1. Quick check on the chain: what does the Kirkwood estimate of hydrodynamic radius come out to from the alpha carbon pairs, in Å?
2. Each residue of region 51-60 in turn: what ³J(HN,Hα) in whole Hz from Karplus with 6.51, -1.76, 1.60 and θ = phi - 60°, glycine and Pro shown as x?
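Coordinate-derived values only; no laboratory data. Small disclaimer: the values here were computed from a predicted structure and weren't measured.
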Amino acid sequence: MNNTLFGYTEAQIAQFGLTFGVGAFILYMLFIVLNLALESKAGKFGTFILFLVLSFGMMGFMAKNLIQWMLGI
């Protein structure tokens, strides 16, 4: 038995889930923040603050992936 699932190793499946799965979740969370800003009638500055504060952790995740890509890890 070669420890693969549909021809992919566990590491390949985990990497796929980390990049595309978490990326899709980040897009969904950005939609939620936008919906929150629209429903609360936050205005331009309020919307900017909501995106800045609520998306700060997502920016860190994306920065980590960018740094790893630039370093070739």
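1. 14.6 Å
2. So the J values, rounded to whole Hz, are 5, 5, 6, 6, 9, 4, x, 5, 5, x.
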